[in-house]
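Notes follow the structure.
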Amino acid sequence: MNLTIYHNPACSKSRRTLEILREHGIEPRIIEYLKTAPDRDTILELARRLDAPVETLVRHNEDVFKQAAGSLARDDDALAGWLAEHPKALQRPVVVDEDRRKAVIGRPPENVLDLLPDPAA
């Protein structure tokens, strides 16, 4: 299983999601997105893998978003570019199954279980 987690070690939900993966014997590739921010194209790809608009990846309660919200265009390209410049406003954690090209947001952390193989299968 080839998983990537866009991780913020200061976030309890992100830490718990990583813990769940490890409890299932999975060591994902970890991208600390505040240190290595995803670019616009990566954010657009994350949204495609979530099968959701880029708006889904925005943390609306972050001050940086609240300050910019009135002036932001709400189309995917514009929001993806803005998120690339303001990674603090990126929803966290995002876990990507690179093989199946699917992603989930770990809120709640148990969402990551949707990416794991069914033990009964």
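The values are calculated or read from the model by the stated rules, or taken from the named source; none is laboratory data. Owing to the predicted nature of the structure, the values given are computational and were not obtained by experimental measurement. Glycine gets a Cβ as well: all are built from the backbone with ideal geometry, and neighbour counts include every protein chain shown.
Just wondering, is there one or more residues in segment 101-112 that are assigned to a helix (DSSP H, G or I) and within 17 Å of Ala10 (Cβ to Cβ)? Scanning segment 101-112, I find at least one residue that is assigned to a helix (DSSP H, G or I) and within 17 Å of Ala10 (Cβ to Cβ), so the answer is yes.
Listed here are the residues, each with its yes/no results for (1) part of a loop (DSSP other than H, G, I, E, B); (2) among the small types (Gly, Ala, Ser); (3) surrounded by 18 or more Cβ atoms within 10 Å (Cβ to Cβ).
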| site | (1), (2), (3) |
| --- | --- |
| Thr4 | no, no, no |
| Ser14 | no, yes, yes |
| Lys35 | yes, no, no |
| Leu46 | no, no, yes |
| Gln67 | no, no, no |
| Ala80 | no, yes, yes |
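Screening Ile26, Ile31 for residues that are in a loop (DSSP other than H, G, I, E, B) and out of contact with any helix residue (DSSP H, G or I) (no Cβ under 6 Å at 6 or more places or on another chain) leaves exactly one candidate, Ile26.
If you scan segment 82-100, which residues turn out to be surrounded by 16 or more Cβ atoms within 10 Å (Cβ to Cβ), assigned to a loop (DSSP other than H, G, I, E, B) and over 12 Å from the mean Cα position of the chain (by Cα)?
Keep residues of segment 82-100 that are surrounded by 16 or more Cβ atoms within 10 Å (Cβ to Cβ), which gives 82-84, 86-87, 89-97.
Okay, now just the ones that are also assigned to a loop (DSSP other than H, G, I, E, B), so 86, 91-93.
Hit for segment 82-100 is His86, nothing else.
Among residues of segment 42-62 that are modelled with pLDDT of 95 or more, those with a beta-carbon under 6 Å from a residue that is crowded, with 17+ Cβ neighbours inside 10 Å and part of a loop (DSSP other than H, G, I, E, B) at least six positions away or on a different chain give the pairs Leu57/Gln91.
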